[in-house]
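Visitor: My questions will all concern the structure given below.
The values are calculated or read from the model by the stated rules, or taken from the named source; none is laboratory data. Owing to the predicted nature of the structure, the values given are computational and were not obtained by experimental measurement. Here the Cβ is made from the backbone with ideal geometry for all residues, glycine too, and neighbour counts use every protein chain on show.
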2 protein chains.
Amino acid sequence: MPDKKAVVLLSGGLDSATTLAIACSEGFSCYALTFSYGQRHRREIDAAKKVADSLGAIEHRIVTIDLASFGRSALTDSTLNVPKDNIHIGEPGKIPVTYVPARNTIFLSYALAWAEVLGAFDIFIGVNSTDYSGYPDCRAEFIAAFERTANLATAAAVEGKGRYRIHTPIIEMTKAQIIRSGTQLGVDYSLTHSCYDPDERGRSCGRCDSCRLRLKGFAEAGLKDPIEYKNE
Amino acid sequence: MPDKKAVVLLSGGLDSATTLAIACSEGFSCYALTFSYGQRHRREIDAAKKVADSLGAIEHRIVTIDLASFGRSALTDSTLNVPKDNIHIGEPGKIPVTYVPARNTIFLSYALAWAEVLGAFDIFIGVNSTDYSGYPDCRAEFIAAFERTANLATAAAVEGKGRYRIHTPIIEMTKAQIIRSGTQLGVDYSLTHSCYDPDERGRSCGRCDSCRLRLKGFAEAGLKDPIEYKNE
């Protein structure tokens, strides 16, 4: 059987860790791709390294991109505060302050470039629309449009060597379903990191949108979150 | 009249310089965006700075991107040779060795991010398909697919603030038509740079695809190319 390669976007959070585990379980040789984009903390990238290693990725690349220079997101702009104590994610019609302009478009473009060089036609991304994030670039319509673009953008597709497919295996799962699937596939969630605003020791705040969605997910899955929180 | 902002991709070559001049002539306040992506020479970026300045761009940003780490193009990989002495560009069904995987997808993604932050909905790119380059991401079908993706990817579009439009004003022009249009709009082509393989003094080789297309264009336009060539 020929080697089926896939590029898997990996942030170090639980969604992308689960996505990587699913890609591996489907028989792909996985090439993990992580971006360093002016996040406030290195914690996330360290988590991505551990996750890639523990799930047996063939290779893990970390690409530095300069999103911070464009500004205007609480995730890249240190003058904006990360919202706390309410789940702002999922407010109907509201796009959270943590939205990063065109982030997934940029991430998928790099994944496409690497896929073409590797001779891979499969790209996995852990977007999720059920725990609806309010991020426009996490929706199926966006992914379908990008996939179409990818198949017009590249020499490999135009020369008929294959068709690119953007896989979104967790797009319709709840956080609890993601955690249950990953647990069955052997994901070690103690290696993952979700908090937007960890303390100097790397402990999660437990209060930002990302922590709250995570904790709610573990509670609904009937499992204990293995990471350390500040006020435990 | 409200300020109409546009992001204009600018390489420092004559196509993108002409595109910037056209965007300015259409009344846009132009924000020029140049990428440093492991090209062999800084000459191109220096040219972009001079062109942006001479045409009155409001701002010029240079973003460093790490395309070289993915390899596999004569423009980013120093182990491949730039082809010489024949115009390889335009051979039917052949994609040149100077093709960079997913390059325009990555460039347009960054332009989209900056446009969203600026509140701009217009992006200009100097792709050209008449002097057909063989690059899949220079075709109108690709541009249309990216435009559709942009309008699904971003908060600004989803919130109904506007619709992104990718402008390709020179897509159907011959090189001679591009040079004539730019000359009428006051482009100083002595500031532009096209050569894939300039010498240590920055003089163009006159032999690579890019030089040959340029020289042919000036000849057909009945104009003299004002830049310096090695064997003049």
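Visitor: Does segment B:170-179 contain at least one residue that is farther than 30 Å from A:Arg103 by Cα and in contact with a His (Cβ under 9 Å, 6 or more places away or on another chain)?
Guide: No, the conditions are met nowhere in segment B:170-179.
Visitor: Out of B:Arg214, B:Arg201, report the one residue that is surrounded by 16 or more Cβ atoms within 10 Å (Cβ to Cβ) and closer than 21 Å to B:Glu44 by Cβ.
Guide: Among B:Arg214, B:Arg201, only B:Arg214 is surrounded by 16 or more Cβ atoms within 10 Å (Cβ to Cβ) and closer than 21 Å to B:Glu44 by Cβ.
Visitor: Now for a separate question. Please work out which one of (1) at negative phi; (2) at pLDDT 95 or above; (3) more than 14 Å from chain B (Cβ to nearest Cβ) is the condition A:Gly27 fails and give its number.
Guide: In the conditions (1) at negative phi; (2) at pLDDT 95 or above; (3) more than 14 Å from chain B (Cβ to nearest Cβ), A:Gly27 misses (1) alone.
Visitor: Does segment B:142-156 contain at least one residue that is surrounded by fewer than 21 Cβ atoms within 10 Å (Cβ to Cβ), within 11 Å of another protein chain (Cβ to nearest Cβ) and in a loop (DSSP other than H, G, I, E, B)?
Guide: No: zero hits.
Visitor: Can you find a residue in segment A:158-176 that is facing another protein chain (nearest Cβ under 10 Å), free of Cβ contacts under 8 Å to residues at least 24 places away in the same chain and part of a helix (DSSP H, G or I)?
Guide: Yes: one or more hits.
Visitor: Quick one: is B:Arg180 of a type outside the set (S, T, N, Q) and part of a helix (DSSP H, G or I)?
Guide: For B:Arg180, the condition - of a type outside the set (S, T, N, Q) and part of a helix (DSSP H, G or I) - is met.
Visitor: Suppose the filter is modelled with pLDDT under 65 and touching a Ser or Thr at 6+ places or on another chain (Cβ under 9 Å); does A:Val63 pass it?
Guide: The answer is no for A:Val63.
Visitor: For residues that are closer than 15 Å to A:Ala144 by Cβ and within 12 Å of chain B (Cβ to nearest Cβ), tally how many sit in segment A:113-132.
Guide: 2
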